[in-house]
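Right, one structure below, let's go through it.
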């Protein structure tokens, strides 16, 4: 974990109000494990104090970008895919190349902690299920799994076509992509859980591992499907965070357990949890 | 009230040092017989049990670490959402999730004991008997510099602030805790009162060795789209730079009302903030919310204080309570 002031190299607008922010930090880029996040701080704003937790979307070797064909070396650049919705992300969307931001990372337990791997190897296919900007937590895991030769598939839902960002990055990694939009502007009309359920029902003999990230209602519905069809499910959780260091206890969610173990920190024990560990039905827990 | 520390250089007299001689400012501070290498501490609930920050800053540079509120039994805390960012501040309603006094002694204290920074243990309970019980458990621990009695937490259902918003209850819980305590007893006061000096005096009368002020201000925020509170607990404690002027005023008032030392906190994030509290009368300060977004701030304030003292050729003891009010 490093606390650094880093330089923005690019802040590219994508569809809708999505952006892809690139910042340079060789130390953090090389320390990142798939599914981890970083806390990004807008500098020079005394009214917006707290850092914002951001999934580390991708890592890049800045030299290999310039000279195509060269084998990429160790990464120096971290990329964050985000949607400008609140005060922090709207400020972020105004960042220009050359400007500085505070970056604390990499943080948390990602998708490839020791305990997860044995179950990944027992599956026929990894199913990534993303809701909206939740896609940002899944690219690095998908890249790592593709390198290791896993079969993968992406289920991606959003409000409209504009929300389906980053699909080109997934295309070479997965055997298939199924989209759903609430307004029907791309893929199935409705929630992503519909094509997911059809797929699970059609392949009821196969063993899957689900990796999920998205808004609360989508997570709950996906976890319910995984449970019904008997597949293990890893979820990358989101919550408001004060520090990212495990000290403010602001990001705690309800998990199986009692006493002070009834809540765990998304920033430290998470953000990736086994779905069955999380208590999903308590008011306000996620 | 004098915070001067007896050491060799003081008897020499400041005026005798030649201008070319390097001025070495004295920033140690002494409270209730405990010496702290400097007056910059980290506030309870913003620094975990210290170790969480060990890869980011040198903990040995701090004067003290005030650990997260410890209760006699482990506490699970409140459901989410527990925090919400406001303009220049944040609301929290964590609900004092902690490992409990026994596990603190076995799992957290051994590491804290190895540091040059002192360990101050914030103590929380729901009844006078439980405050005493918590202190009795903690008394078994070695290497605790002092207790900080939290009678001002706004985020738990039936305890905490109740003690800190009734002078009689303040006296009762402080007297009982003082009697039980093996280590010096600091009392952390709530700003959610009409007259802070009443509570400062009540705590002092009951035997408090020092006062920490202030805890968070009770506040709230509402999501107008859903017309629901931003926090599960509906209300929460406001902290951060937005509360600093209120905290500073209360430190100033309390420092004039009591003889015991004051530890000032509330929105401190820079050296200048800390200096304001010293000038208003605080003998030490605590950095709180700033630890969340700027983990290096406390250590930078230690250096900034040294630089200020050097530039002004003043020792910390000469700054404390040195406010000049023109024309009076």
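Scan the range A:242-266 residue by residue and report those that are buried (at least 24 other Cβ atoms within 10 Å of the Cβ) and at the interface with another protein chain (Cβ under 8 Å from one of its Cβ atoms).
A:242, A:243, A:245, A:247, A:248, A:249, A:250, A:251, A:252, A:253, A:263
How about the range A:106-124: which of its residues are at negative phi and assigned to a loop (DSSP other than H, G, I, E, B)?
A:110, A:111, A:112, A:113, A:122, A:123, A:124
Give the number of residues within the range A:125-148 that are in a loop (DSSP other than H, G, I, E, B) and modelled with pLDDT of 90 or more.
So the count comes out to 1.
Take residue A:222 and decide whether it is surrounded by 19 or more Cβ atoms within 10 Å (Cβ to Cβ) and in the same structural domain as residue A:137 (by TED's automatic domain parsing). Don't jump to the end; show me each part of the working.
On the way: surrounded by 19 or more Cβ atoms within 10 Å (Cβ to Cβ): yes; in the same structural domain as residue A:137 (by TED's automatic domain parsing): yes.
So residue A:222 fits the description; yes.
Given the condition surrounded by fewer than 18 Cβ atoms within 10 Å (Cβ to Cβ), touching a residue at least 60 places away in the same chain (Cβ under 8 Å) and in a helix (DSSP H, G or I), answer yes or no: does some residue in the range A:150-168 qualify?
Taking every residue of the range A:150-168 in turn, at least one turns out to be surrounded by fewer than 18 Cβ atoms within 10 Å (Cβ to Cβ), touching a residue at least 60 places away in the same chain (Cβ under 8 Å) and in a helix (DSSP H, G or I).
Of the numbered conditions (1) closer than 23 Å to residue A:193 by Cα; (2) without any contact (Cβ under 8 Å) to a residue 40 or more places away in the chain; (3) surrounded by fewer than 14 Cβ atoms within 10 Å (Cβ to Cβ), residue A:73 satisfies every one except a single condition; which is it?
Residue A:73 satisfies every listed condition except (1).
Provide a single number: the residues in the range B:204-239 that are modelled with pLDDT under 95 and in contact with a helix residue (DSSP H, G or I) (Cβ under 6 Å, 6 or more places away or on another chain).
Of the residues in that region, 0 qualify.
Rundown of residues vs (1) closer than 28 Å to residue B:236 by Cα; (2) touching a strand residue (DSSP E or B) at 6+ places or on another chain (Cβ under 9 Å); (3) surrounded by fewer than 23 Cβ atoms within 10 Å (Cβ to Cβ), yes/no style:
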residue: B:31; (1), (2), (3): no, yes, no
residue: B:46; (1), (2), (3): yes, yes, no
residue: B:49; (1), (2), (3): yes, yes, yes
residue: B:55; (1), (2), (3): no, yes, yes
residue: B:61; (1), (2), (3): no, yes, yes
residue: B:69; (1), (2), (3): yes, yes, no
residue: B:79; (1), (2), (3): yes, yes, yes
residue: B:83; (1), (2), (3): yes, yes, no
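Could you go through the range B:161-177 and let me know if any residue there is within 14 Å of chain A (Cβ to nearest Cβ) and farther than 26 Å from residue B:75 by Cβ.
Scanning the range B:161-177 turns up no residue that is within 14 Å of chain A (Cβ to nearest Cβ) and farther than 26 Å from residue B:75 by Cβ.
What strands (runs of 3 or more DSSP E) lie completely within the range B:60-159 and have 1 or more residues being within 14 Å of chain A (Cβ to nearest Cβ) and closer than 22 Å to residue B:190 by Cα?
In the range B:60-159, the matching strands (runs of 3 or more DSSP E) lie at B:64-70, B:83-86, B:89-92, B:118-123.
Does residue A:121 meet the test of being out of contact with any strand residue (DSSP E or B) (no Cβ under 8 Å at 6 or more places or on another chain) and either assigned by TED's automatic domain parsing to the domain that holds residue A:232 or touching a residue at least 24 places away in the same chain (Cβ under 8 Å) (or both)?
It is true that residue A:121 is out of contact with any strand residue (DSSP E or B) (no Cβ under 8 Å at 6 or more places or on another chain) and either assigned by TED's automatic domain parsing to the domain that holds residue A:232 or touching a residue at least 24 places away in the same chain (Cβ under 8 Å) (or both).
Which condition number does residue B:39 fail, the rest of (1) touching a helix residue (DSSP H, G or I) at 6+ places or on another chain (Cβ under 8 Å); (2) closer than 14 Å to residue A:248 by Cα; (3) more than 9 Å from chain A (Cβ to nearest Cβ) being met?
(2)
If you go through the range B:306-322, how many residues are in a helix (DSSP H, G or I) and within 19 Å of residue B:34 (Cβ to Cβ)?
Number satisfying all stated conditions: 2.
Quick one: which helices (runs of 4 or more DSSP H) sit completely within the range B:176-294 and have at least 2 residues that are surrounded by fewer than 24 Cβ atoms within 10 Å (Cβ to Cβ)? Show your work before the answer.
On the way: elements: B:196-205, B:244-257, B:271-280, B:290-293.
It comes to B:196-205, B:244-257, B:271-280.
Can residue A:54 be described as within 12 Å of chain B (Cβ to nearest Cβ), assigned to a strand (DSSP E or B), modelled with pLDDT of 95 or more and within 30 Å of residue B:89 (Cβ to Cβ)?
The answer is no for residue A:54.
Which numbered condition in (1) over 19 Å from residue B:64 (Cα atoms); (2) in contact with a strand residue (DSSP E or B) (Cβ under 8 Å, 6 or more places away or on another chain) is the only one that residue B:253 fails?
(2)
Please go through the range B:227-243 and give me each residue that is touching a residue at least 12 places away in the same chain (Cβ under 8 Å) and more than 11 Å from every other protein chain (Cβ to nearest Cβ), ordered by number.
Selection gives B:234, B:235, B:237, B:238, B:243.
The values are calculated or read from the model by the stated rules, or taken from the named source; none is laboratory data. No experiment lies behind these values; they were computed from the predicted model shown. Every residue, glycine as well, gets a Cβ built from its backbone with ideal geometry; the counts of neighbours run over all protein chains shown.
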